[in-house]
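Here's the structure, in structure tokens; my notes come after.
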Amino acid sequence: MKHILLLLIFSFISFAGFSQTQKNESSRWNKTSLDINTQIELKVFPNPCTGQKLTVEIDNEELTELRITNIAGKVVMLKKYLIPVNKVELSLDNTPNGIYLIQIKTTANKLMARKLIVSAR
């Protein structure tokens with residue numbers, strides 16, 4: 001009888017400890033994946049763009065593709081970079097005033113987007 005009781009107690013302690021370990025591993029994994037997503041920062045400046053030059057910069061990654069679309073979804077500008085870059089300066093000389101969406105693709109195939117307002121003088 002003692003052996004059965006000890007076996008039950010040992011099984012309960014082992015099971016409780018195992019489930020606690022899995023829970024900690026799971027929460028650590030979720031935290032790590034969230035940290036990875038928040039490490040990338042896309043900067044678009046000046047915004048609103050009143051001049052002719054626009055700078056797009058990304059931290060901790062490199063750009064492989066940059067796309068600017070108007071509010072109707074029409075692609076206004078598409079640039080693909082064979083050699084990935086961290087910072088790009090664009091000329092918006094003939095771009096009409098309006099609201100645009102800048103979309104980038106990184107070397108890790110992550111997609112990011114920012115709103116851009118063009119308001120030329």
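The values are calculated or read from the model by the stated rules, or taken from the named source; none is laboratory data. Predicted model, so just to flag it, every value in this text is computed and none were measured. Positions of Cβ are backbone-derived with ideal geometry, glycine not excepted, and every protein chain shown enters the neighbour counts.
Checking the structure you have, find out if any residue of region 32-42 is modelled with pLDDT under 95 and in a strand (DSSP E or B). Yes, there is a match, as at least one residue in region 32-42 is modelled with pLDDT under 95 and in a strand (DSSP E or B).
Checking each residue in region 91-101 for being touching a residue at least 12 places away in the same chain (Cβ under 8 Å) and more than 20 Å from Ile40 (Cβ to Cβ) picks out Ser91, Leu92, Asp93, Thr95, Pro96, Asn97, Gly98, Ile99, Tyr100.
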